[in-house]
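Here is the structure we will look at.
Please treat every number below as a calculation from the coordinates, not as lab data. Model, not experiment: these values are computed from the prediction. Cβ sites come from the backbone with ideal geometry, for glycine too, and all protein chains shown count toward neighbours.
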Amino acid sequence: MEVNNNLFKILIVDDEEDYRETSKMLLEEFGYRVETAASGAEALKIMEIEYYPLIITDIRMGGLNGIEFLQKVKSIYNQNVEVIMVTGYGSVETAVQTMKMGAFGYFIKSHNPEELILEIEKAKDVIDLKRLNNLHKESREQNYLVNSKNIKMQKVWNLVEKVAESNANILITGESGVGKEIIANKIHTASSRRNKPFVPINCQHYPDKLIESELFGHEKGAFTGAVARRLGKLEETNGGTIFLDEIGEMDLGTQVKLLRVLENHVIERIGSNRLITVDFRLVSATNRDIYAAVEEGLFRKDFLYRINTIEIDVPPLRERPEDIEDLIDFFIAKFAKQTGKKIIGIEPESKAILMKYKYPGNVRELKNIIERMIILSNEGILTLDNKKAYGINTIQYAQEVSHAVTSLSYKEAKQEFEKQYITGMIAACDGNITHAAERMGMSRRQLFNKIAEYGIKNS
């Protein structure tokens, strides 16, 4: 059994191919998702396409050396990316100095690889904590959704208010990107548990069995890769709310174990027989037909009954078009504040396009489009002149606003569609390259090459 780290991405930067590949194999054995780069310049290009929260880089490299690369990364990503420096004995003093420049830590190449794994685990804990803090901060800014003009969505928020103060288990259903996590967070912040942690876990990101380590924790030495004791998320929640997103993807064995926990609120860490009492409120979510999954034997009926004391179904954005304008205004204000850009307004035709678009990726897709518009804006005017840069399907737009694309050759139209398709799929998968590749039926490397070919930005 391996440590459950497959959701956590690491970028290794080293000009020595053997070291890059050896390190990649080592970290993949521990369950991490790993990409490599032969130089600092290549790494920066990779980061433009896909976000990596942790970078492990050699100090001595040709071209852009490790220190210069660290400075570049920190100037672009600040505290959003942690960097571990790799060094030989002769450069330990330099490595220590890089920590004053923002490096998280360092690893000496000749030392036991377990030291590197421990350093990675520390960085992962820090990054996870930052994400939770950002999530809490964002949840305080999400009140715009409560003021929906749509009758279906108003019923959703009324139900949220009613169930928040109870301790009932909640199941939130709806398409990907509709804002299920925001609703779960709202349930938490409106409850008596509001001052305790809100801990989200996406079950889709964990292979069978490995999620048990994430939920229940493990003792040191419990299995290969368990180099230290780790508290599970159920234990860490400690009086708060745990949010299990995409619970429909959870394997049957874990469903049985979690069902027992929900019945008696007691867990055992893997590798231990000591019973630990846990206090949490469960909110779950799924974008699949969970009742069909029960009929197919992929989801336990008794577990479903336990997790959905109350069920909240969230309508897709295309069914509440009256909310689109308010969402556009909200995201413009939000990202203008984050980027420090002064935004005068949005070009009328571009706004008309946004108002008519059907958003297969729902609110998440609209959010991504507005963020790109802000980043690429000139002189404070937001425009969608280059629709393909925003993931808007050109064919759909033509149908919606009677705009022809007959000026394109067949080859150009084919390339245009391919770029739209890839960009839209990545947006629908919340920027996750691996999941997008799986849905498109291609390898991650093939998709990565297409992204580089078309210069697609993954925000």
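Things worth noting here:
- Scalar couplings 3J(HN,Hα) for segment 360-372, obtained by applying the Karplus form with A = 6.51, B = -1.76, C = 1.60 to θ = phi - 60°, are x, x, 6, 4, 4, 5, 4, 4, 5, 5, 5, 4, 5 Hz; x denotes Gly and Pro.
- Distribution of pairwise C-alpha distances over segment 9-128, 5 Å bins, in %: 2, 12, 25, 28, 22, 10, 1
- Proximity of backbone amide H atoms, modeled 1.01 Å from N, is registered between Phe299 and Val294 at under 5 Å, excluding neighbours fewer than 5 places apart on the same chain.
- For the chain, the antiparallel share of DSSP beta bridges with both residues in that region comes to about 10%.
- Over the chain, Cα pairs under 8 Å with separation of 6+ residues give a relative contact order of 13 percent.
- Amide H contacts for Thr36 (H built 1.01 Å from N in the peptide plane; partners 5 or more residues away or on another chain; cut-off under 5 Å): Ile12.
- Segment Val266-Lys45, extension gain: residue separation times 0.36 nm, minus the distance between their alpha carbons: 74.9 nm
- Basic side chains Lys and Arg get +1 at the Cβ, acidic Asp and Glu get -1 at the Cβ, and with that the dipole of the chain about its Cα centre reaches some 1060 debye.
- Legend: distances between Cα atoms for Lys122/Lys337; Lys337/Lys419; Lys100/Lys122; Lys149/Lys186; Lys180/Lys233; Lys72/Lys334; pairs beyond 22 Å are Lys122/Lys337; Lys337/Lys419; Lys72/Lys334.
- The calculated Kirkwood hydrodynamic radius for the chain is 24.0 Å, given to one decimal from all distinct C-alpha pairs.
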